[in-house]
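Below: one structure, written as structure tokens.
The values are calculated or read from the model by the stated rules, or taken from the named source; none is laboratory data. If you're wondering where the values come from, they're calculated on a predicted model, not measured in any experiment. When we count neighbours, we look across all protein chains shown, and the Cβ atoms used for this are built from the backbone with ideal geometry, even at glycine. Surface areas here come from the heavy atoms of the whole protein model, side chains and all, with no ligands, DNA or RNA. Shrake-Rupley method; radii C 1.70, N 1.55, O 1.52, S 1.80 Å.
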Amino acid sequence: MAEAFKFELVSPARLILSEEVEEVVVPGAEGYFTVLKGHAPFLSTIRPGVLAFTGKDGKVARLFIAGGFADVSPTGLTVLAEQAIPVEEFGTDVIARQVADAEAGVKAARSDEAKRIAQEKLDQLKEAVVEIGLVSGSGSTH
Amino acid sequence: MPSLKSLRTRIASVKATQKITKAMQMVAVAKLRRAQQIAEASRPYADRMSHVLANLARAFEGQVDAPKLLAGTGRDAVHLLVVCTSDRGLCGGFNSSISRLARDHAYRLLEQGKEVKFLCVGRKGHDALKRTFGDLIVEVVELRTVRQIGFEHADAIGKKVLDLFETGGFDVATLFYAHFKSVINQIPTQHRLIPADVPATHATVADSAIYECEPGETEILEDLLPRNISVQIYRALLENVASFFGSQMSAMDSATRNAGDMIKKLTTTYNRSRQAQITKELIEIISGAEAL
């Protein structure tokens, strides 16, 4: 049994979650990483994807994160998310809106660099959607 | 001496006004409570953000290749003032105190020979500033149709500021809003957005752990700094909403009290003139009877 540490999930609007957990899997910009107690101080950007954490009772909860930052400090893990939605509540309409936003971002990008970043974000988003397994029935995900 | 009838109508109209101000006050109280909760709920994010930023920024201290949003463009010639006010009035000195602070700042800069540009968020600030600085206002954002300010609204404003910055529109950006200190006290505040104002006091020994960064420090900072601007604007907007209702509440409270005083005075005048009228009529009758 793993030791518990402090995990906080904050969105711009409010503190979504603050509790003791055993394990958190974060969708980092360069791949998923798992945080356990005593992780070295670490800072990473997050790509749109699924964050899973195991509570002290051993239950696993999954949340969709639309980009942000993860800050692993000696005192615990803080995730600054632009948006966080529990996977269970993640309906097709939410996806459609997210994807539409990302597509608009690709179109609005002026420089090649900005375009590449926006496109990357869109691809990551689609990937996350496939992972959740809601892709069927949502026509706007192409 | 006004006639009895005109006094009666005046009293009635003041009473109607009092009812309106009273209702507005009550609405402001209810909305203030909500706005306050939302403003407080948004604080953890902004706090953590500045914490992370402070940690990262120290690594770049004094370096030449630090991102422009952190270190500035190296010049100080063109200033952008982002003035956040409300879209509606009837809130005492709320809007005028913010625009006064911005105006004073602008005058100081102009005196030093700097160029000044305005970005107005909210109609009232624009109204107040366009008389003196009409041609310096580059953009006006109105949030009138918005019922609850969300992060996306702040993000949209942040993007505008960034676009302008990247095209070389300005060197220094300052944000103006009213800090919500308490229900009766709102302080007009200015806060530097670009170059980022990193609080130095955050660096305590426990925090100064050496961070490993992924992808890299520069990449993270490049991602973090634009977002920080949106977060700062978001926070300012929420503080503003709370301040607006606080200010409106006290303004409406004093308006209600003033109306009450006025009704009392008018009623006294009304009663006096009514009495005088009766006395006059009595004298007429008595002197008429005596003459017989």
Here FRET efficiency (C-beta to C-beta, A:E113 to B:A156, R₀ 35 Å, nearest 0.05) is 0.95
Inter-chain shielding metric for B:43-49, i.e. average beta-carbon neighbours from other chains within 10 angstrom, reads 6
Largest-first ranking of B:M262, B:M252, B:M24 by accessible area, probe 1.4 Å, whole protein assembly kept, is B:M262, B:M24, B:M252
Length-normalised contact order of chain B, Cα under 8 Å, at least 6 apart, in percent, tallies to 32 percent
Per the charge dipole of chain B (beta-carbon charges, Lys/Arg positive, Asp/Glu negative, Cα centre), the residue among B:G92, B:T174, B:A46 reaching farthest to the positive end is B:G92
Heavy-atom accessible area of A:E89, protein chains in place, probe 1.4 angstrom, given in Å² to nearest 10, is 130 Å²
re the protein assembly as shown: pairs of Cα atoms spaced beyond 26 Å account for a percent value of 65 percent
The stretch B:41-248: antiparallel bridges as % of DSSP beta bridges, rounded to 5, reads 35 percent
Between the modelled labels at B:T218 and A:D101 (7 Å from Cα along Cα→Cβ) the distance in nm is 2.9 nm
Reduced to Cα centres, the span from the stretch B:84-122 to the stretch B:243-292 in Å works out to 43 Å
Note on the stretch B:20-136: alpha-carbon gyration tensor, axes a ≥ b ≥ c; rule is a/c under 1.5 for rounded, else prolate if a/b larger than b/c, else oblate; result oblate
Once A:T34, B:T85 are ranked on solvent-accessible area with the largest value leading and a 1.4 Å probe, the list reads A:T34, B:T85
Whole-Hz Karplus couplings 3J(HN,Hα) for the stretch B:150-160, θ = phi - 60° and coefficients 6.51, -1.76, 1.60, Gly and Pro as x, run x, 5, 5, 5, 5, 4, 5, 5, x, 5, 4
For the protein assembly as shown, percent of DSSP beta bridges that are antiparallel (nearest 5) comes out at 65 percent
In chain B the accessible area split gives carbon plus sulfur, as whole percent at 1.4 Å, a share of 54 percent
Between the modelled labels at B:R272 and B:L90 (7 Å from Cα along Cα→Cβ) the distance in nm is 3.2 nm
Mean per-residue count of partner chain Cβ within 10 Å for A:33-45 equals 3
Connecting every pair of Cα atoms under 10 Å apart in chain B and solving the GNM, the largest mean-square fluctuation among B:G89, B:G246, B:G125 falls on B:G89
Regression test value, accessible area per residue of chain B, probe 1.4 Å, units Å², expected 54 Å²
Each residue of B:211-222 has, on average, a number of other protein chain C-beta atoms within 10 Å of its C-beta equal to 4
Dividing the mean separation of Cα pairs under 8 Å (6+ apart) by the residue count of the stretch A:7-68 yields a relative contact order in percent of 28 percent
Rounded to the nearest 100 Å², the accessible area hidden between A and B, summed over both chains at a 1.4 Å probe radius, is 2200 Å²
Sorted largest first, the Cα spans of the stretch B:41-248 on the principal axes come out in Å as 52, 39, 28
Violations at 19 Å Cα threshold for listed pairs A:K121/B:K159; B:K5/B:K280; B:K124/B:K159; B:K31/B:K159; B:K15/B:K124; B:K22/B:K264 -> B:K124/B:K159; B:K31/B:K159; B:K15/B:K124
Of the listed pairs A:K115/B:K160; A:K6/A:K126; A:K115/B:K114, those with alpha carbons more than 23 Å apart are A:K6/A:K126; A:K115/B:K114
About its Cα centre, the stretch B:233-292 carries a charge dipole, from +1 on Lys and Arg Cβ atoms and -1 on Asp and Glu Cβ atoms, whose size in debye to the nearest 20 is 180 debye
Ranked by GNM mean-square fluctuation in chain B (Cα springs under 10 Å), the top entry among B:G72, B:G158, B:G260 is B:G260
Once normalised by the length of chain A, the mean sequence separation of its alpha carbon contacts under 8 Å that are 6 or more apart gives a contact order in percent of 20 percent
Here the residues of the stretch A:1-23 whose accessible area is at least 40 Å² smaller with all protein chains than in the chain alone (probe 1.4 Å) are A:P12, A:A13
Note on the stretch A:5-87: alpha-carbon gyration tensor, axes a ≥ b ≥ c; rule is a/c under 1.5 for rounded, else prolate if a/b larger than b/c, else oblate; result rounded
Rounded to 0.05, the calculated FRET efficiency for the beta carbons of B:T279 and B:A12 at R₀ = 25 Å is 0.50
